[in-house]
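Participant: Below: one structure in structure tokens.
The values are calculated or read from the model by the stated rules, or taken from the named source; none is laboratory data. In this text, all values refer to a predicted model and were calculated from it rather than measured experimentally. Backbone-built Cβ (ideal geometry, glycine too); neighbour counts: all protein chains shown. Note: accessible area is taken over every heavy atom of the protein model, side chains too, but ligands, DNA and RNA are not part of it. Shrake-Rupley method; radii C 1.70, N 1.55, O 1.52, S 1.80 Å.
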Amino acid sequence: MVRGGLRLILEDQPDIEVVAEAADGAEAVELARRLRPDVCLVDVRMPRLDGIEVTRLLAGPGVPEPLKVVVVTTFDLDEYVYGALRAGAVGFVLKDCGPALLVEAVRAAEAGDALVSPSVTLRLLRHLTTHWTTDPATRLEHPLSNREIEVVQAVARGRTNQEIAAELFISLSTVKTHVSGIQAKLGVRNRVEIAAWAWENRLTERT
């Protein structure tokens, strides 16, 4: 019933097509690997394989061609959120977040952005920063430029690539280049980890 509801929400969008459904985690992994969808929605609690393990198998460290995974769940417990994102998820939304946020999370993942439900974002970032030991921007082997720091701050505020481009008066392709360069310099895999790094190093407090 839940899968049916999510499918109706997504298929109501002209730019989204649902290509498959899975009744359990093992089936989800098999279908995703075979069909290679642009975005996978994964529940935390599923039979056979839970959502964290499914995410790790599809998008985790060491996966040659990782898929984009958004975790959808009724549970916003810290260990679930942290586990999902460390396993490679690019989004985490609650089932009661409403249709608009669910659709936005799918579109954000497809565009290379990350979206986490607002109700858990602040707590998540505070939790993540206790696990980061990265040196400040100026002490990196390849220091961040002033422009890259501005992009990091925008990412930490939850801005999309389009919003960053508008704020900084640069092109969308330039934003994407900066984000990729930042990830390489920091040794992180996604925008949520960029945001956590910014929080740890107090870059969000700069003016």
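Participant: Being farther than 22 Å from VAL188 by Cβ, out of contact with any Lys or Arg (no Cβ under 7 Å at 6 or more places or on another chain) and open to solvent by less than 20 Å² (accessible area, probe 1.4 Å) is the requirement here; does VAL106 meet it? Can you show your working first?
Facilitator: Values: farther than 22 Å from VAL188 by Cβ: yes; out of contact with any Lys or Arg (no Cβ under 7 Å at 6 or more places or on another chain): yes; open to solvent by less than 20 Å² (accessible area, probe 1.4 Å): yes.
Considered against the rule, which asks whether it is farther than 22 Å from VAL188 by Cβ, out of contact with any Lys or Arg (no Cβ under 7 Å at 6 or more places or on another chain) and open to solvent by less than 20 Å² (accessible area, probe 1.4 Å), VAL106 comes out as yes.
Participant: On to the next question. Consider the range 153-182. How many of its residues are at pLDDT 90 or above, outside any helix (DSSP H, G or I) and not aromatic (Phe, Trp, Tyr)?
Facilitator: Residues in the range 153-182 being at pLDDT 90 or above, outside any helix (DSSP H, G or I) and not aromatic (Phe, Trp, Tyr): 2 in total.
Participant: Can you tell me which residues in the range 1-23 are under 16 Å from VAL54 (Cβ atoms) and either open to solvent by less than 30 Å² (accessible area, probe 1.4 Å) or among the acidic types (Asp, Glu) (or both)?
Facilitator: Within the range 1-23, GLU21, ALA22 qualify.
Participant: How many of the residues making up the range 90-103 are under 22 Å from SER180 (Cα atoms) and either in a strand (DSSP E or B) or modelled with pLDDT of 85 or more (or both)? Show your work before the answer.
Facilitator: Narrowing the range 90-103 to residues under 22 Å from SER180 (Cα atoms): 90-92.
Right, trim to either in a strand (DSSP E or B) or modelled with pLDDT of 85 or more (or both) and you get 91-92.
Residues flagged as under 22 Å from SER180 (Cα atoms) and either in a strand (DSSP E or B) or modelled with pLDDT of 85 or more (or both) within the range 90-103 amount to 2.
Participant: Do you know which of the residues in the range 24-77 that are out of contact with any helix residue (DSSP H, G or I) (no Cβ under 9 Å at 6 or more places or on another chain), assigned to a helix (DSSP H, G or I) and open to solvent by less than 70 Å² (accessible area, probe 1.4 Å) is nearest to ALA109 (Cα to Cα)?
Facilitator: Step by step, filter the range 24-77, then rank; the result is ALA59.
Participant: Please determine whether any residue of the range 81-98 is open to solvent by less than 10 Å² (accessible area, probe 1.4 Å) and among the aromatic types (Phe, Trp, Tyr).
Facilitator: The answer is yes; a qualifying residue exists.
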